[in-house]
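Quick notes on the structure that follows.
Read the figures in this text as sums done on the coordinates, not as results from a lab. Keep in mind the model is a prediction, meaning the values are calculated, not measured. FYI the Cβ positions are ideal-geometry reconstructions off the backbone, even for glycines, and counts take in every protein chain you see.
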Amino acid sequence: MMRHIISIKEFEKEEIDALLDHTRAIDAGNYDRHALEDKILGVLFFEPSTRTRMSFEAAMARLGGKSIDMGGVEVSSVVKGETLADTVRVVSGYADAIVLRHPKEGAARLATEFSSVPVINAGDGAGQHPSQTLIDLYTIRQAMPLDGIDVGLLGDLRYGRTAHSLAYALTNYDVTIHTLAPEGLEMPPNVIENLRERGVEVVEHTDIAEFAHGLDVMYVTRIQRERFPDMASYYAVASSYRVTPELLSGARDSMIVLHPLPRVDEIDPGVDALPHARYFQQARNGIPIRMALLLEVMG
Ligand code: NCD
């Protein structure tokens, strides 16, 4: 059966663990460089991206496959008024799988109705970003077991799809989730309720030093400026939190700091050289994770 990758909620724990194990093998160089030799990946990004787009293409290339890229909204027929449904119908005739990023929540799910090939959700508005979540889990697992840990989510927990995806994925493990967000950007109540229903303790914080203190993982996100209804409400919360070396001096020595990137000003560059900083390693992990996913849908 055709396998779409739309939400991390669709993955059983065993499946996640198997994917992370496969990723580790790929990371160690154990993969067939010709596995996707006759395959083409259709890259449809309706929103900006550096890492996700480039690492999907690099992952495809490492497996011997090719990518074709719509090239962004401005240069595509989207500006002529083509619908997502038609674009997806057409590109699924050119490619063996589609990776889609779109500003509207639910767009990837919708695309599956019109696609004759597997669709991978590379971010749908404030919704989900499953491949990023697998990268996040993999990076945590490189440093510590995924069980018995305190994970803190910091930043825009209202609009940040990576925080939503990761929080759901963590309910498969024995973790406590801690949250800290600027006023108005808290984790939506229905998401928190859903996490609790899935058996995870969620602790909401208001003080950043106290938050940083008890964590094994600090997951930092940027304020999702493009999702704000107007710029005044963005500027009201911009630059309202910052992770600095001073803040981390009160944290556990073994705590790791993650960020899906891009960062704006929420992590001081002084943190980059500290052993806590794992966000560039995390970005690098995009390659083996996406190789594993591409093999999953096309291998
Ligand atoms: C994230 C995204 O697009 O959701 N970027 C990424 O894929 N690494 C995070 C963000 O844009 O803040």
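Some notes on this structure:
- Under-5 Å amide H pairs with V203, H placed in peptide plane, nonlocal only: I177, H178, T179
- 3J(HN,Hα) couplings calculated from phi for segment 102-110 with the Karplus curve 6.51 cos²θ - 1.76 cosθ + 1.60 (θ = phi - 60°) are, in sequence order, 8, x, 8, 4, x, 4, 5, 4, 4 Hz; Gly and Pro show x.
- Helix-derived mean residue ellipticity, 222 nm - over the chain, DSSP H n ≥ 4, -39500 (n - 2.57), to 500: -10000 deg cm²/dmol
- A simple charge model with +1 on the Cβ of Lys and Arg, -1 on the Cβ of Asp and Glu and nothing else charged puts the dipole of segment 130-283 at about 480 debye relative to its Cα centre.
- One decimal place: the segment R284-K80 gains 69.8 nm when fully extended, by the rule 0.36 nm per residue minus the C-alpha distance.
- Residue with peak Gaussian network fluctuation, the chain [Cα springs, cutoff 10 Å], from N121, N194, N172: N194
- Long-range amide H partners of A122 with built H, under 5 Å: L100, R101
- Most positive-pole-ward Cα, T221, S131, V200, against dipole of segment 130-283 from beta carbon charges: S131
- The protection proxy used here, the mean number of other Cβ atoms lying within 10 Å of each residue, ranks peptides 149-161, 98-110, 173-185 as follows, highest first: 149-161, 98-110, 173-185.
- Cα shape, segment 116-200, gyration tensor, a/c 1.5 rule: oblate
- When the chain is described by a simple charge dipole with +1 on each Lys and Arg Cβ and -1 on each Asp and Glu Cβ, the residue from A107, V43, A169 located farthest towards its positive end is V43.
- Ranked by the mean number of other Cβ atoms within 10 Å per residue, highest first, peptides 65-76, 231-242 order as 65-76, 231-242.
- Cβ-defined net charge surrounding G214, 10 Å radius [Lys, Arg +1; Asp, Glu -1]: -2
- Residue order, fewest to most surrounding Cβ atoms within 10 angstrom, among H259, H276: H276, H259
- Rounded Å value of the spacing that divides the Cα centres of segment 122-177 and segment 258-276: 17
- Charge dipole of the chain (Cα centre as origin; +1 on each Lys and Arg Cβ, -1 on each Asp and Glu Cβ, all else neutral): 840 debye, rounded to the nearest 20.
- Cα-based shape type of the chain, given that a ≥ b ≥ c are square roots of the gyration tensor eigenvalues and the cut on a/c is 1.5: prolate
- Tensor-based shape of segment 204-299 (alpha-carbon gyration tensor, a/c under 1.5 rounded, otherwise prolate or oblate): oblate
- The tail of the calculated P(r) for segment 130-283 beyond 24 Å holds 26 percent of all Cα-Cα pairs.
- Environment charge of G148, counting only residues whose C-beta is closer than 10 Å and scoring Lys/Arg +1, Asp/Glu -1: -4
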